[in-house]
Each structure stands twice: as C-alpha cells, then as structure tokens.
Amino acid sequence: MFRVEGVWARFLRQAQGYIATEVKPEGPVGDERYRVRDFWQGHRGFEIFRERFSEDFTQFDRRIVDELVEKQEFVGAYYEANGDEGFELEAKS
C-alpha cells in the first residue's frame, strides 16, 4: 500500500504539486515499520489537496489505513534549505 507506486501514491497523484512518495523500512527485516515521505512542490499545493479531497482522505483513512496501520505518527514538514518551495511531509507507520 505505501510503496512508491502503491495506493497512497496513486491517491496523492490526483493533487497538483505532488512530486513523489518515498518509503523506507524503519527497523530490522520483518519488523514491518516504515517511514513514508511525501514530496510536494510547495505547501500551498498540499493544503489545497487536503481541502479538495478531505472527504476522500477520510474515507481512505477509514477503509485502508485503519485496517493496515497499527500506529501512525506525523514526524514533521520540511522545506528545502536553499529556499525553494519544495515541501516534504514525513510520517512513521
């Protein structure tokens, strides 16, 4: 689901300004903990996505995330140091 080409990335691709999703294991092999990072061209694009797809996001969260994710933690939002509008969201699940 949270693969680079998984359901989550396909869902986010509907948004203007979405760049990519990166998924990395967070523990030993078989631990099934991952760090998921979503990259955006700018924070405003992400906010527009949240507003425009809020109902879809809630349904996605209920139907898919609640069944597969034991714990989800928002780690932070980061901007490129060079002042570009690049925006990154990071979560652990």
* Extension gain, residue 7 back to residue 78 (0.36 nm per residue minus Cα-Cα distance, nm) -> 23.2 nm
* **Peptides 70-79, 33-42, 56-65 ordered by average Cβ neighbours within 10 Å, highest first** => 33-42, 56-65, 70-79
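At 1.4 Å probe size, with the rest of the protein present, what percent of the exposed accessible area of the range 1-57 is carbon and sulfur atoms?
C and S fraction of accessible area: 50 percent.
With Cβ to Cβ distances under 13 Å as the rule, what net charge do the other residues near residue 62 carry (K, R +1; D, E -1)? Please list the in-between numbers first.
Values: positive: 63; negative: 55, 56, 61, 66, 67.
So the surrounding residues net to -4.
The values are calculated or read from the model by the stated rules, or taken from the named source; none is laboratory data. Everything numeric here is computed off the predicted structure, so don't read it as measured data. Backbone-built Cβ (ideal geometry, glycine too); neighbour counts: all protein chains shown. Side chains included, ligands, DNA and RNA excluded: accessible areas come from the protein's heavy atoms. Shrake-Rupley method; radii C 1.70, N 1.55, O 1.52, S 1.80 Å.
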